Every structure is written in structure tokens, then in C-alpha cells.
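*Asks:* Handing you a structure now.
The values are calculated or read from the model by the stated rules, or taken from the named source; none is laboratory data. All values reported here derive from a predicted model rather than from experimental measurement. Neighbour counts run over all protein chains shown; Cβ positions are idealised from the backbone, glycine included.
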């Protein structure tokens, strides 16, 4: 009985865990949009000017975020190198090489995105 229960629980958790996280993220984003909509609705009903509403929304963090591909790329390269170093120290170098290569290449892809796209979109005054 226990021998068959362990694989079933492992499969349910490996599939159900990411699905639950995705559902929670979607519900949270939807609730934030509803709250933002209600704020705008109350401000319009109170007769506030559009400039004040826009300023109020930018203070609450609903303004679009700038992409930070460089930071993400550096973090992924660092994690990949850490996985490779841990695998080498544990004596499992061939097994950890795949995970290391995937993370390092993904990080390098983010760094290239920053180099070719995000860096070019930066304002000329250096901010």
C-alpha cells in the first residue's frame, strides 16, 4: 500500500504544485486589477481631474515596470555556476552539467536581450 502511495503523491504534488501556484498568481493579479478599477471609479465619482487620478495610480505601483533583463541574466548565470560547482564538489559532474548548462545559457540569453533591446530603450540622459 505504501509503495504505491508514494509515487501517486509525488505525481500529484509535482503537477498540482505548479498549477496551484499559477492559479494563485492569476487570482492575485485579478484582485489587484479590480482594486485599481474601484479606485479609479471612486475618484471619477468624486470629480477628481484625470491628472490627479494618473498621479495617484502611479504612486500605488500600477505604473508599468521597466524590464530588468540584465539582473535576471546575472542571477541565472550565478545559479547555473553554483549548480555546476555543487555537482562537481559532490562528484556528480556529468549529472549536474545539464542543469548548469541550461541555467547559464538561459542567463546569457537574458543578458543578450538586455544588450540588444533593453539597453537601447534607455533614455539618453543616463537615467
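*Asks:* Determine the pairs where a residue that is under 25 Å from residue 72 (Cα atoms), located within the range 84-108, has a partner that is at pLDDT below 85 and assigned to a loop (DSSP other than H, G, I, E, B) with Cβ atoms under 9 Å apart, the partner being 6 or more residues away or on another chain.
*Replies:* 86/92; 96/90
*Asks:* Still on this structure: May I ask you to say which residue of 85, 101, 46, 90 is assigned by TED's automatic domain parsing to the domain that holds residue 35, modelled with pLDDT of 75 or more and either in contact with a strand residue (DSSP E or B) (Cβ under 8 Å, 6 or more places away or on another chain) or surrounded by fewer than 14 Cβ atoms within 10 Å (Cβ to Cβ) (or both)?
*Replies:* It is 46.
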